[in-house]
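Asker: Could you have a look at this structure, given as structure tokens, before my questions?
The values are calculated or read from the model by the stated rules, or taken from the named source; none is laboratory data. Here the structure is a predicted model, which means the values were calculated and not measured. Every residue, glycine as well, gets a Cβ built from its backbone with ideal geometry; the counts of neighbours run over all protein chains shown. Accessible surface areas use protein heavy atoms only, side chains included; no ligands, DNA or RNA. Shrake-Rupley method; radii C 1.70, N 1.55, O 1.52, S 1.80 Å.
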Amino acid sequence: GKLKKQVVVGHGIDTDHFYSDPEKHESGLLLSVGRVTQSKHYDVILRCVAQLENAVQLVIAGDAFIDSDKAEKNRLIRLMDDVNIRDRVTMSFVPHADMPRYYQRADVLLHACEGGLDKAVLEAMSCGCPVVSTSEAAHTVLPDICLATEGTMHEHTQRILTLSDEGRSDLVRKLRQRIEQDHNLTHLISTLIAEMS
């Protein structure tokens, strides 16, 4: 039989919906996205926020739905108290359709999830929001400044928070380009059509 060609296609990101709007950018606003569950390692993100020199605000766009998640949420709230950032963190569910304006506003997306490449990372990049990620999978799409370990997450975040306007613009442009080249929905569809024909 004929060997099937396997094509690796990115997550389709609708780059017209997830677009950059530098006017909306708010300094010192950090974002983290996804269900409040242990695999998201929100504890790592909270510790990172506690170590930053800048007085930042963290928005966690996600909430706890099942019992094990609710237990995790309570653990995270205790941790916020322990590291003294409770007043700087908000946690609430955000519908996916509203996410672009969160990415557009945020200074940095913090991402500590294990496993495959999270769609949030790609959506943030598409919206011109710099990312700091500890995920192994992120190495395929992110430049070095964005790649951290649990121990260096706050240093990388601090570096991005203190970039010059020019440095930030360069980074934002680079991230958006990578999405347009590899993870764009139109590109994905045309790749699939070419494969099927």
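Asker: Among (1) surrounded by fewer than 16 Cβ atoms within 10 Å (Cβ to Cβ); (2) at pLDDT below 95; (3) assigned to a helix (DSSP H, G or I), there is one condition Ile77 misses while meeting the rest; what is its number?
Answerer: (2)
Asker: So, of the residues in the range 158-194 that are modelled with pLDDT under 90 and among the hydrophobic types (A, V, I, L, M, F, W, C), which turns out to be nearest to Val121 (Cα to Cα)?
Answerer: Ranking the qualifying residues of the range 158-194, first place goes to Ile179.
Asker: Let me ask another. Listed residues Thr149, Thr134, Thr90, Thr162; which is under 14 Å from the mean Cα position of the chain (by Cα) and open to solvent by 30 Å² or more (accessible area, probe 1.4 Å)?
Answerer: Testing whether each residue is under 14 Å from the mean Cα position of the chain (by Cα) and open to solvent by 30 Å² or more (accessible area, probe 1.4 Å) leaves just Thr134.
Asker: Right, Val36: assigned to a helix (DSSP H, G or I) and open to solvent by less than 40 Å² (accessible area, probe 1.4 Å) or not?
Answerer: The answer is no for Val36.
Asker: Could you tell me which residue of the range 51-65 is farthest from Gly28 (Cα to Cα), considering only residues that are open to solvent by less than 90 Å² (accessible area, probe 1.4 Å) and out of contact with any Leu (no Cβ under 6 Å at 6 or more places or on another chain)?
Answerer: Of everything passing the filter in the range 51-65, Ala64 is farthest from Gly28 (Cα to Cα).
Asker: Filtering the range 93-106 down to residues that are outside any helix (DSSP H, G or I) and open to solvent by 10 Å² or more (accessible area, probe 1.4 Å), which residue is nearest to Ser27 (Cα to Cα)?
Answerer: Val94
Asker: Any idea which of (1) out of contact with any strand residue (DSSP E or B) (no Cβ under 9 Å at 6 or more places or on another chain); (2) buried (at least 19 other Cβ atoms within 10 Å of the Cβ) is the one Cys48 doesn't satisfy?
Answerer: So the condition that Cys48 fails would be (1).
Asker: Glu114 versus (1) assigned to a helix (DSSP H, G or I); (2) surrounded by fewer than 14 Cβ atoms within 10 Å (Cβ to Cβ); (3) charged (D, E, K, R): which is the lone unmet condition?
Answerer: The one condition Glu114 does not meet is (1).
Asker: Just to be sure I understand the filter: pairs with C-beta atoms under 8 Å, separated by 6 or more residues or on different chains, first member in the range 40-55 and closer than 13 Å to Ile77 by Cα, second member open to solvent by 40 Å² or more (accessible area, probe 1.4 Å) and aliphatic (A, V, I, L, M). Which pairs pass?
Answerer: Partner pairs satisfying both residue conditions: Leu46/Val83; Arg47/Val83.
Asker: All but one of (1) open to solvent by less than 60 Å² (accessible area, probe 1.4 Å); (2) part of a helix (DSSP H, G or I) hold for Leu142; state the number of the condition that does not hold.
Answerer: (2)
Asker: Does any residue of the range 111-118 turn out to be modelled with pLDDT of 95 or more and closer than 19 Å to Ala148 by Cα?
Answerer: yes
Asker: Next question, about the same structure. Hey, does the range 72-80 have a residue that's closer than 22 Å to Ile145 by Cα and either touching a residue at least 24 places away in the same chain (Cβ under 8 Å) or touching a helix residue (DSSP H, G or I) at 6+ places or on another chain (Cβ under 9 Å) (or both)?
Answerer: no
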